[in-house]
1. Just checking, does the range 79-91 include any residue being out of contact with any helix residue (DSSP H, G or I) (no Cβ under 8 Å at 6 or more places or on another chain), in the same structural domain as Ala123 (by TED's automatic domain parsing), surrounded by fewer than 15 Cβ atoms within 10 Å (Cβ to Cβ) and at pLDDT below 95?
2. All but one of (1) outside the structural domain of Val151 (by TED's automatic domain parsing); (2) under 30 Å from Asn21 (Cα atoms) hold for Lys356; state the number of the condition that does not hold.
3. Phe118 passes all but one of (1) surrounded by 22 or more Cβ atoms within 10 Å (Cβ to Cβ); (2) touching an Asp or Glu at 6+ places or on another chain (Cβ under 9 Å); (3) part of a strand (DSSP E or B); which number fails?
4. Could you please find all residues in the range 39-55 being buried (at least 18 other Cβ atoms within 10 Å of the Cβ) and closer than 15 Å to Ala65 by Cα?
5. All but one of (1) touching a Lys or Arg at 6+ places or on another chain (Cβ under 9 Å); (2) surrounded by fewer than 24 Cβ atoms within 10 Å (Cβ to Cβ); (3) under 22 Å from Leu145 (Cα atoms) hold for Thr214; state the number of the condition that does not hold.
6. I need the full set of residues from the range 80-111 which are over 23 Å from Val197 (Cβ atoms), free of Cβ contacts under 8 Å to residues at least 60 places away in the same chain and not charged (D, E, K, R), in order please.
7. Could you identify the single residue in Ala25, Ala65 that is farther than 27 Å from Leu181 by Cα and surrounded by 15 or more Cβ atoms within 10 Å (Cβ to Cβ)?
8. Of everything in the range 201-225, what is in a helix (DSSP H, G or I) and either within 14 Å of Thr244 (Cβ to Cβ) or not charged (D, E, K, R) (or both)? Give them in sequence order.
Amino acid sequence: MNMLDYLDWRGDLSFASAPFNEVDALICAWLSYYEFDDLLHDADFRGCLSLRELGERQLKELGPAPRLNLNFTIDPSLSATLLLTKMYDTVRFRDMRLLRCREIFDEKAGVQFAAMSFSAENAPYIVAYRGTDTSIAGWKEDFELSFLEHVPAQTLALQYLEEETLPRSTVICGHSKGGNLALYAALNGPAEKLRQVERIYNFDGPGFCVPMETMPRFDMIQSKIVTVVPESSVIGMLLEHPETYRVVKSDMVSIFQHNGMMWQVLGDHFVDAGQLNLSSVIVDRTMESWLEKMPLEERREAVKIVFTVLEGTGVRNFPDLTDHAVRNMLLMLKGVSHLSWPQKKLAARLILEMIKAGNVSAYEAVSHADFMAEWTEGRGKARRQAERES
């Protein structure tokens, strides 16, 4: 059972009869992928519209939700449209109100951001941050998390929370980059507002390029953070992130488990998996080892190289790369040929270092019986930190 099945089976239960839970939080986080500005014709909406009103407007103005095979749906805005059409037809969510929605996309500035606020009777106030969409600009901003303490979307996330009036106990949530934005806003937000925050849900979101412990409100909100990742998590393991997280089962495999719509649900909670699988741990170990040897300036230059090549195709969204695939591949090869010699040397060296780090991680996994236990319990990271300091 996934979140859509959850709506079928438990959608007739009001929040008064069945309290708001972690599955509801992921549903709200996923709904943030819905492009409300297409429906509201307002990129900074303030008002009061129920999900039933929004769903009916969607049906009337934009037509029914597309038929999707969720196993192959890359664009989360499409699955969010399907989700809205399911939510507005349930007792549980139909009277939930959208009170605010801000969407900002600036390709030149490299900004992709959206946040929205929901309210329902007998449920906490909800602030949901959107994760990465399919735009090249959005993914570029994600990569910039590896070398910048603050990317534009994080600044906007904090500003959004500072502007909010939290009327009661509040849940802040987000999936993927949205989880990172939820954490960033809470880790840097006003103390008086954070006293209203009950939970911060980070659903498979990446970490930061600086330790979370150094951020202003870490001690205040640490106990309120709930990080949930699938067994084969890759995105949620990147960069500096909290060591305590829940691992849940998914109907997908490998990196495709990042799709939260396919996480397994039982009743009012996710199905626990116990621990990350071996492939996730090897990738996590590889990426950490690779990045820790890469100075921030090299990370910056590497991101510049990758996106210079991608942007040279003229494509604005990743799915569009498959349209005229041969043409786009030739354009990318042309872009690589036009890189400077120092850029080519850097790219080649970083690729070789990543392969080496992967080989070392794979060797450790098969040669050390306690590899999984050490890594998943955090002892692997602590041991290597001690080795670096000695």
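The values are calculated or read from the model by the stated rules, or taken from the named source; none is laboratory data. Computed from a predicted model, the values in this text were never measured in an experiment. Neighbour counts run over all protein chains shown; Cβ positions are idealised from the backbone, glycine included.
1. no
2. That leaves (2) as the condition not met.
3. Just one mismatch for Phe118, condition (2).
4. Leu39, Leu51, Leu54, Gly55 - these are the residues of the range 39-55 that are buried (at least 18 other Cβ atoms within 10 Å of the Cβ) and closer than 15 Å to Ala65 by Cα.
5. Among (1) touching a Lys or Arg at 6+ places or on another chain (Cβ under 9 Å); (2) surrounded by fewer than 24 Cβ atoms within 10 Å (Cβ to Cβ); (3) under 22 Å from Leu145 (Cα atoms), Thr214 violates only (1).
6. Those that are over 23 Å from Val197 (Cβ atoms), free of Cβ contacts under 8 Å to residues at least 60 places away in the same chain and not charged (D, E, K, R): Ala80, Thr81, Leu84, Thr85, Tyr88, Phe105, Ala109, Gly110, Val111.
7. The match here is Ala65.
8. Met212, Glu213, Thr214, Phe218, Met220, Ile221, Gln222, Ser223, Lys224 - these are the residues of the range 201-225 that are in a helix (DSSP H, G or I) and either within 14 Å of Thr244 (Cβ to Cβ) or not charged (D, E, K, R) (or both).
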